[in-house]
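One structure is given here, and the rest of the page talks about it.
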Amino acid sequence: EADIYQTPRYLVIGTGKKITLECSQTMGHDKMYWYQQDPGMELHLIHYSYGVNSTEKGDLSSESTVSRIRTEHFPLTLESARPSHTSQYLCASNLGLSDSPLHFGNGTRLTVT
Amino acid sequence: GDSVTQMEGPVTLSEEAFLTINCTYTATGYPSLFWYVQYPGEGLQLLLKATKADDKGSNKGFEATYRKETTSFHLEKGSVQVSDSAVYFCALSDQNTNAGKSTFGDGTTLTVKP
């Protein structure tokens, strides 16, 4: 049972459109993360946040942007979608301690045509 | 920097076979270690974890022991089922820097045939 919710689950959109992927969690976690997952299943951290008004870029450069105005909400935005953005996007959160496991949403599978 | 290396897949086993997925790590501090599982069409979920040397994590028949001397955290299960077919990720979280930020292995796809 997910305590972290991502919408939409699937999105097919044309090149040049602006999109926002939603992520919300009900656990009160301070730390939230966005991962991009390859077809080969590798995970790449693209953004993270340590709390409200805190956002950092991850290990993989991404043209997307994020915001953290409320603790429970961490949306990801692409201003102009391109076919190279086609991927699975996974949102996660945790307490931020070293022994805190990540809680993942079920992901958004984005296809840009 | 931190890194995780896990056994390349895919791995295909018959039902009731013994499973081992190797995982080794490099970290500057004293990391916590995790195994996550991803079923088709879903996000990752925690399978088990260990937070210090010689700890054994276990869940659903899976086990892994934190071996500091060999920097390893191999996943094992004595008798796999078809329902165990999934992608398995080894991960670490280092207490010294960016606590809570995890480093993942590349994932190992397991297929169990009846």
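The values are calculated or read from the model by the stated rules, or taken from the named source; none is laboratory data. Being a predicted model, the structure only gives us computed values, none of them experimental. Please note: Cβ atoms are built from the backbone with ideal geometry, for glycine as well, and neighbour counts cover all protein chains shown. Ligands, DNA and RNA are stripped out before the accessible areas are found, and what is left, the full protein with its side chains, is counted by its heavy atoms. Shrake-Rupley method; radii C 1.70, N 1.55, O 1.52, S 1.80 Å.
Miscellaneous remarks
- The Kirkwood hydrodynamic radius of the protein assembly as shown, based on inverse pair distances between different Cα atoms, is 18.0 Å.
- For region A:1-103, average projected area of the Cα convex hull in nm²: 6.7
- GNM result for chain A, Cα springs below 10 Å: residue of A:Ser87, A:Ser64, A:Ser100 fluctuating most strongly: A:Ser100
- Rounded percent of accessible protein surface that carbon and sulfur make up, region B:10-114, 1.4 Å probe: 46
- Stokes-Einstein diffusion coefficient of region B:17-64, Kirkwood radius over Cα pairs, 20 °C, 1.002 mPa s, in µm²/s: 174
- For the peptide A:48-55, the mean number of other protein chain Cβ atoms found within 10 angstrom of a residue's Cβ is 1.
- Our Cα-only numbers for chain B put the radius of gyration and Dmax at 13.6, 44 Å.
- Across peptide A:28-40, the mean count of Cβ atoms from other chains lying within 10 Å of each residue's own Cβ comes to 2.
- At least 20 Å² of accessible area lost relative to the chain alone, listed for region B:31-50 with a 1.4 Å probe: B:Ser32, B:Phe34, B:Tyr36, B:Gln38, B:Gly41, B:Glu42, B:Gly43, B:Leu44, B:Leu46, B:Lys49
- Only protein heavy atoms count here, probed at 1.4 Å, and on that basis chains A and B bury about 1800 Å² of accessible area in total.
- Taking the convex hull of Cα positions in region A:60-113, its mean projected area over all directions (nm²): 4.7
- nm² value of the averaged projected area, convex hull over the Cα atoms of region B:58-114: 5.0
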